[in-house]
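Asker: To start, I am sharing the structure in question, which I have written as structure tokens.
The values are calculated or read from the model by the stated rules, or taken from the named source; none is laboratory data. Just so we're clear, the structure is a prediction, and the values are computed from it rather than from any experiment. Here the Cβ positions follow ideal geometry from the backbone for every residue, glycine too, while neighbour counts run over all protein chains shown. When the accessible area is computed, the model is the full protein with side chains, heavy atoms only, and any ligands, DNA or RNA have been set aside. Shrake-Rupley method; radii C 1.70, N 1.55, O 1.52, S 1.80 Å.
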Amino acid sequence: MSSYVSVLENAVKEIPANQLIIASELYSRLSSEITEQAFYKTMERFSKSGKLVHLTKGVYYRPKKTRFGTVPISDDEIAGYYLKNQQGLMVGYRMFNQKGITTQIGKQVEILSTILPEEQKHIRNVSVRKITVPLNEETIPVMEAMEILQAYQEMEDVNTKVLAAYMTNFVQVYSDSAMELVLANRKYKKSTIAFMTAFLNYHQVKHSLSRHLSPMSDYKIPNVEELYVFA
């Protein structure tokens, strides 16, 4: 066996089964020991032989083998790669359901991630989009709340009581600087910003969101007072 093949095989074996392998990242670790052409040809051979499974362009995994057979990688395991260490954020119906805001669970797993090199990636039922917002204990709640409010008017089976309680808790820890950082790096509809503004105003929380809105515009948003009345 060629020395570079052994190097690559050993490197692959060190990666846990059913964990994503990003080819470009693996090559960057081994570039001093194997040429790029040899690396990708060997990855292709490993895929054909069953040592690796090719998911999509540049993405592989080492299959988990048990006495009952091979266990394929799950959507949760794929998502976990992009979510680990606060490098990503679950959005969409999966997140809305986790918060109890809807009973619906989308088949598609939607993730915003800071570690994606391209703008977006689709791997089976997992859709990953690149973001440049640094994710931390202040920006994550802001982004989650903004994603919820942006989807609210089209969301199915909304639990208004849970949404009202969620937003009440959110405004208590609201960070205006975190919101400005998020808005500087991710686009949200003006109506979503207006909806957030209405919640903050209802709870008498100081903010600077008015500078993102036009006083001449009539934004079509739900009545926040009514949301609390019916909750």
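Asker: If you average the sequence gap of Cα pairs under 8 Å that are 6 or more apart and divide by the length of the range 76-231, what percent do you get for the contact order?
Answerer: Numbers: 197 pairs, mean separation 30.6, N = 156.
Averaging sequence separation for qualifying contacts and normalising by length gives 20 percent for the range 76-231.
Asker: Please list, by residue number, every one of the GluC sites (Glu not before Pro) in the range 10-81 that is coil in DSSP and has at most 16 other beta-carbon atoms within 10 Å.
Answerer: Values: sites: Glu14, Glu25, Glu33, Glu36, Glu44, Glu77; in loops: Glu14, Glu33.
Taking the range 10-81 and a limit of 16 other Cβ atoms within 10 Å, the loop GluC sites (Glu not before Pro) found are Glu14, Glu33.
Asker: Treating the angle as unsigned and between 0 and 90°, give the value, to the nearest 10°, between the Cα long axis of helix 36-49 and the longest Cα principal axis of the chain.
Answerer: With rounding to tens, the tilt is 90 degrees.
Asker: Run the accessible area of the range 104-231 with a 1.4 Å probe and give the carbon-and-sulfur part as a rounded percent.
Answerer: Working: 3370 of 7010 Å².
On the range 104-231, the fraction of accessible area on carbon and sulfur atoms equals 48 percent.
Asker: Next question. Find the accessible area per residue for the range 93-175; the probe is 1.4 Å, ligands and nucleic acids are left out, and the unit is Å². Spell out each step's value before the answer.
Answerer: Details: 4040 Å² over 83 residues.
Using a 1.4 Å probe on heavy atoms only, each residue of the range 93-175 averages 49 Å².
Asker: Turning to a different aspect of this structure: For Ile105 and Lys57, FRET efficiency with R0 = 25 Å and r from the beta-carbon atoms, rounded to 0.05?
Answerer: E between Lys57 and Ile105, to the nearest 0.05, is 0.30.
Asker: Here's a follow-up. Have a look at Ile140, Ile15, Ile101 and tell me which one the Gaussian network model of the chain (Cα, springs below 10 Å) gives the largest fluctuation.
Answerer: Ile15
Asker: For a test of the definition: using alpha carbon positions, the gyration tensor, and the 1.5 limit on a/c, classify the range 77-191 as rounded, prolate or oblate. Intermediate results must be reported in sequence, preceding the final value.
Answerer: Values: a/c = 1.77, a/b = 1.15, b/c = 1.55.
Verdict is oblate for the range 77-191.
Asker: Among [x] 17.3; [y] 20.3; [z] 22.1, which is the computed Kirkwood radius over Cα pairs in Å?
Answerer: [y]
Asker: Next up: Using r as the Cβ-Cβ distance of Ser74 and Phe230, and R0 as 35 Å, what FRET efficiency do you calculate, to the nearest 0.05? Write down the numbers at each step before the final one.
Answerer: Values: r = 38 Å, r/R0 = 1.10.
Once the sixth-power term is evaluated, E becomes 0.35.
Asker: Could I have the simple spin-label model distance between Glu154 and Arg124, label points 7 Å from Cα toward Cβ, reported in nm to one decimal?
Answerer: 2.6 nm
Asker: Going by average Cβ density within 10 Å per residue, which order do the peptides 145-153, 173-181 take, highest to lowest?
Answerer: 145-153, 173-181
Asker: Going by Cα centres, the range 68-138 and the range 33-67 are how many Å apart?
Answerer: Comparing the Cα centres of the range 68-138 and the range 33-67, I get a distance of 23 Å.
Asker: Oh, and also: Along the positive direction of the dipole of the chain (beta-carbon charges: Lys, Arg +1; Asp, Glu -1; about the Cα centre), which of Ile131, Phe68, Ile101 reaches farthest?
Answerer: The listed residue farthest towards the positive side: Phe68.
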